[in-house]
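**Q** Handing you this structure, nothing more for now.
The values are calculated or read from the model by the stated rules, or taken from the named source; none is laboratory data. Note that the structure is a prediction, hence the values are computed from the model and not measured. Glycine also receives a Cβ, built like all others from the backbone with ideal geometry; neighbour counts cover every protein chain displayed. Side chains included, ligands, DNA and RNA excluded: accessible areas come from the protein's heavy atoms. Shrake-Rupley method; radii C 1.70, N 1.55, O 1.52, S 1.80 Å.
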Amino acid sequence: MNKLFTPFLFIVCLFMTACSNDEPDVPGLETGSSIEFSDNDYTLVFGRATYIPFTGGGDVYKLEASNPEVLGKFGIDIETHRLLINPAKTGVSTLKINDVNNGKTVTLNFTVEDFYLSFRVSEIEGDNRNPSLSIGNEIRFIRDNENTRQMKVMWHDKLTYEVNCIADGYFDIEQSETNIYTLNMALHSQRIEELETFTYTMSGDWEYLALFEKYFEYNWLDNVASKSQPPKDIKMILTDPLSDAKIICSLQPF
């Protein structure tokens, strides 16, 4: 009996071992693995909810913000393994996340910047007099707490992937009685210390005007903000009345 039982027991053990490895590996759900983020420093935009994925971690967390007024509402979605943050104001704050089950604490650093509408210059026709606006550059119309209507022009380095500000200043949009919209901008660049002023007649898709009216609190006679939501691709065309040059921009996702 012993000679027959021993091989049988050995086969059963092999079968049980094989079955124990049949469960698929689920990233972030490994037993005993602590919570991990891909980075420790994050830049968020005021008024825009952000989801940050993580791996590992248990089911119980304690969160503590050094400046909760900046981070606003924040919490962890255990099922999707994501940290949710909905910033309430601009500023900086740290967030300590204590993974209770694994006894590990992670500290993340957050910088909350002003909300902005972003347009990328995609095409230029004619004699462009504004050296800051070239193809590929990004125009940021910034909405701060005081609604001072600031703007920046960003240059994207394709080699290093760095984003640098090459000009900054202020803007305003005027509406005529005949519903012609004019963009006035005053820019300070690295080339010239004094502000340079530029004026453009605005055309293209009407939807971007609805965004300006909504976020920058314009009270135009023809309430464009009451129309339907914008499509995926929105074009803004800026025409220089002096040179008739056209600067065609595309709204970037936000």
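**Q** If you check Ile135, Ile142, which single one turns out to be out of contact with any His (no Cβ under 7 Å at 6 or more places or on another chain) and open to solvent by 70 Å² or more (accessible area, probe 1.4 Å)? Before you say what the answer is, go through the steps one by one.
**A** Numbers: Ile142 fails: open to solvent by 70 Å² or more (accessible area, probe 1.4 Å).
None of the others qualify; the one that does is Ile135.
**Q** Hey, another quick one. Restricting attention to segment 78-99, and to residues there that are open to solvent by 60 Å² or more (accessible area, probe 1.4 Å) and at pLDDT 95 or above, which single residue is farthest from Phe254 (Cα to Cα)?
**A** Step by step, filter segment 78-99, then rank; the result is Lys96.
**Q** Now a separate question. For the condition modelled with pLDDT of 90 or more and in contact with a Leu (Cβ under 8 Å, 6 or more places away or on another chain), what is the one hit in Thr148, Thr107?
**A** From the options Thr148, Thr107, the qualifying one is Thr107.
**Q** What are the residues in segment 54-81 that are free of Cβ contacts under 8 Å to residues at least 40 places away in the same chain and over 19 Å from Thr105 (Cβ atoms), if any?
**A** Scanning segment 54-81 gives Glu69, Gly72, Lys73, Asp77, Glu79, Thr80.
**Q** From the list Tyr161, Tyr218, Tyr170, exactly one residue is open to solvent by 50 Å² or more (accessible area, probe 1.4 Å) and in a loop (DSSP other than H, G, I, E, B). Which is it? Can you show your working first?
**A** Numbers: Tyr218 fails: open to solvent by 50 Å² or more (accessible area, probe 1.4 Å); Tyr170 fails: in a loop (DSSP other than H, G, I, E, B).
After applying the criteria, what remains is Tyr161.
**Q** If you don't mind, there's one more thing I want to ask. Before we move on, is Ile124 aliphatic (A, V, I, L, M), in contact with a Lys or Arg (Cβ under 9 Å, 6 or more places away or on another chain) and open to solvent by 20 Å² or more (accessible area, probe 1.4 Å)?
**A** Yes.
**Q** Out of everything in segment 173-190 that is in contact with a strand residue (DSSP E or B) (Cβ under 7 Å, 6 or more places away or on another chain), without any contact (Cβ under 8 Å) to a residue 40 or more places away in the chain and not β-branched (Val, Ile, Thr), what residue ends up being surrounded by the most Cβ atoms within 10 Å (Cβ to Cβ)? Full working, then the answer.
**A** Within segment 173-190, the subset in contact with a strand residue (DSSP E or B) (Cβ under 7 Å, 6 or more places away or on another chain) is 173-175, 180-190.
Next, from what is left, pick out any that are without any contact (Cβ under 8 Å) to a residue 40 or more places away in the chain: 174, 180-182, 184-186, 188, 190.
If we keep only those that are not β-branched (Val, Ile, Thr) as well, we get 174, 181, 184-186, 188, 190.
Numbers: Glu174: 13, Tyr181: 19, Asn184: 13, Met185: 25, Ala186: 15, His188: 15, Gln190: 10.
Selected residue: Met185.
**Q** As an exercise: evaluate Asn147 against (1) surrounded by 10 or more Cβ atoms within 10 Å (Cβ to Cβ); (2) without any contact (Cβ under 8 Å) to a residue 60 or more places away in the chain; (3) among the polar types (S, T, N, Q); (4) farther than 20 Å from Ser132 by Cβ and give the number of the one condition it does not meet.
**A** (2)
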